[in-house]
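The values are calculated or read from the model by the stated rules, or taken from the named source; none is laboratory data. All of these numbers come straight from a predicted model, not from anything done at the bench. Glycine gets a Cβ as well: all are built from the backbone with ideal geometry, and neighbour counts include every protein chain shown.
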Amino acid sequence: MDIFPLYLTLKVSVTATFFSVIIGLGLAYLMARKGFWGKGVLDALIMQPLVIPPTVLGYYLLVLLGRSGPLGRFFEDKLGVSIVFTWKGAVIAAFVASLPLFVRPARAAIEGVDRNLENAARLLGKTEWEVLKTITIPLAWRGIAAGSVMAFARATGEFGATLMVAGNIPGLTQTLPIAIYDAVQMGNTKMANILVGIITLFSFSVLYFVNRFTRGRY
Amino acid sequence: MERSDVSLSFSLKKHLHFRSRSRAEGSDKSGFSVDIEFSTGEEFTVLFGPSGTGKSLLLNMLSGIVKPDEGFVRVDGRDVFNSTAGIDIPIRDRRTGYLFQDYAVFPHMTVFENIAYGIDRLPRSKIKAKVEELLELMRLGGLENRFPIELSGGQKQRVALARTLATEPKVLFLDEPFSALDYQVREKLRADLLIIHERYPITTLFVTHDLEEAFIMGEKIAVINNGRLEQFGTREEVFYKPKTRNVAKFLGVRNIFSGRVVSADGTTVTIENPELGEVKALVHPEERPFAAGEKITFGIRPEEIMVILRI
């Protein structure tokens, strides 16, 4: 059995989740704690992937990141990297699709941290960064952990946008969900069953762990 | 902790605007503003007044949690906030001790970690010595490894007080710190606080809407109403010589009347009131003289009424 799709899926979703958590944490903090012009628009923009069809999302990314697209040309000319139809395209698709699943619970968790605890820390002489590191994030960590797991699960299962941006090139951009689609199309039921089994087991454990994370002492 | 001669003076304005719920009433904006100014030294000063009059907002502005629109805050002669000079020292550099009504102890840290939180830059042995001293002082010995969820309300507030004293603050602000506690615990904590203030005389502002608490705690009392200072003085001045009708009312004087001075000399004054007739009263020697015909407000303390059967 070819384990490449499994390997690629892991590589893509780990990378995408990494970016979702780093960038998403900043966004979640901004949304939870700051008021600024255009906040509502930014919020709607981040949440878009939850509601628009993945193929539409993929199409937008293709237009944006393609050789003739504004971002695509920048990457191609200035950095010499092409995004579309490579594993990097799959990472970006998975990142955009998984970002809202991280930002939502992370934002709610940060909003749930009592502001007086942050103020108490400031009054005790701590910088904003120290407050974030020792109070806000530790107290919001369950939401952040749950969001990370959800984002990772979403990245693993990403199909539509990935297919549009990265294509279906076996051994190059064929992720697990796409490999399942391919196996069914080819009538390879045995292969499809194995891959579906792996995904199902994975999704189940993800939900199980999310539930465990959301329980806590304080 | 060395003895401090820190003084606090401030003059602050904050205009709060919010949309009123009913547009039918005419204006779509209503507001509440705070405009308060007084200075205090190391005395235990109580900010007293009914709920919703801006006492907590004042503490928030003094500590830097809320930014005032105008004014200055001066601690020990140094501006920590001054709107005209553009000074706004970050909260972390103001060395303000603060107790919140809901304690604000860090739930994810033990008692020890809570108290050590503000002094974690000191060498480990010093941290340990200091925390142990404060555990002892605050009657928290043996609880250092507990988490806040395992403590009572009174214990939590003592942890918060120890945590703030550890950083050797220049001023101490307390925002109704005992109002969520039951009577016995409150009494004990008030006594603790006064003992601690005696030992470490830090400039202290204590917010309360509880008359009894104001009387017990306040060497000086600032009576605040509707965002304004009604009276500021020693406990005796405020309680026995209220300056305004509101102050008298907040201090529990129930019988307040309006009247007109009929005649007055150095020691007594005769007042005319439609319901009571003529009332004769002693004049406090330090009080300004009254003039005949002057309109005044006067109160009668129930404990000073004597009923005499005239035969």
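For residues that are loosely packed, with under 12 Cβ neighbours inside 10 Å and aliphatic (A, V, I, L, M), scanning just segment A:1-22, find the one that is farthest from A:Ala192 (Cα to Cα).
Keep residues of segment A:1-22 that are loosely packed, with under 12 Cβ neighbours inside 10 Å, which gives A:1-3, A:22.
So of that shortlist, the ones also aliphatic (A, V, I, L, M) come out as A:1, A:3, A:22.
Values: A:Met1: 11, A:Ile3: 13, A:Ile22: 34 Å.
Applying the filter and picking the extreme gives A:Ile22.
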(message) Looking at A:Leu101, A:Leu124, A:Leu117 in this structure, which one is more than 14 Å from chain B (Cβ to nearest Cβ) and aliphatic (A, V, I, L, M)?
(response) A:Leu101
(message) Pull out all pairs, ordered by first then second residue, where Cβ-Cβ is under 9 Å, the residues are six or more apart or on different chains, the first lies in segment B:288-307 and is free of Cβ contacts under 8 Å to residues at least 12 places away in the same chain, and the second is part of a strand (DSSP E or B).
(response) B:Ile305/B:Asn255
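Being polar (S, T, N, Q), out of contact with any His (no Cβ under 9 Å at 6 or more places or on another chain), without any contact (Cβ under 8 Å) to a residue 60 or more places away in the chain and within 14 Å of chain B (Cβ to nearest Cβ) is the requirement here; does A:Thr189 meet it? Lay out the reasoning, then the answer.
Working: polar (S, T, N, Q): yes; out of contact with any His (no Cβ under 9 Å at 6 or more places or on another chain): yes; without any contact (Cβ under 8 Å) to a residue 60 or more places away in the chain: yes; within 14 Å of chain B (Cβ to nearest Cβ): no.
Spelling it out, it is not the case that A:Thr189 is polar (S, T, N, Q), out of contact with any His (no Cβ under 9 Å at 6 or more places or on another chain), without any contact (Cβ under 8 Å) to a residue 60 or more places away in the chain and within 14 Å of chain B (Cβ to nearest Cβ).
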(message) For the list (1) out of contact with any Lys or Arg (no Cβ under 8 Å at 6 or more places or on another chain); (2) surrounded by 19 or more Cβ atoms within 10 Å (Cβ to Cβ); (3) modelled with pLDDT under 95, I need the number of the one condition that A:Leu99 fails.
(response) (3)
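Looking at this structure, is A:Glu111 charged (D, E, K, R), more than 30 Å from A:Ile169 (Cβ to Cβ), within 14 Å of chain B (Cβ to nearest Cβ) and surrounded by 13 or more Cβ atoms within 10 Å (Cβ to Cβ)?
Numbers: charged (D, E, K, R): yes; more than 30 Å from A:Ile169 (Cβ to Cβ): yes; within 14 Å of chain B (Cβ to nearest Cβ): no; surrounded by 13 or more Cβ atoms within 10 Å (Cβ to Cβ): yes.
In short, no.
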(request) Could you name every one of the helices (runs of 4 or more DSSP H) located completely within segment A:55-147 that has at least 1 residues being in contact with a His (Cβ under 8 Å, 6 or more places away or on another chain) and closer than 24 Å to A:Thr9 by Cβ? (result) none
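So if I check each of A:Leu25, A:Leu50, which one is touching a residue at least 12 places away in the same chain (Cβ under 8 Å), surrounded by fewer than 16 Cβ atoms within 10 Å (Cβ to Cβ) and assigned to a helix (DSSP H, G or I)?
On the way: A:Leu25 fails: surrounded by fewer than 16 Cβ atoms within 10 Å (Cβ to Cβ).
Of A:Leu25, A:Leu50, the one residue that is touching a residue at least 12 places away in the same chain (Cβ under 8 Å), surrounded by fewer than 16 Cβ atoms within 10 Å (Cβ to Cβ) and assigned to a helix (DSSP H, G or I) is A:Leu50.
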(message) Give me the strands (runs of 3 or more DSSP E) completely within segment B:50-159, filtered to those with at least 2 residues that are facing chain A (nearest Cβ under 10 Å) and crowded, with 19+ Cβ neighbours inside 10 Å, ordered by residue number.
(response) B:96-99
(request) Please state which one of A:Val63, A:Val56 is on the phi < 0 side of the Ramachandran plot and within 18 Å of the chain's Cα centre (by Cα). (result) A:Val56
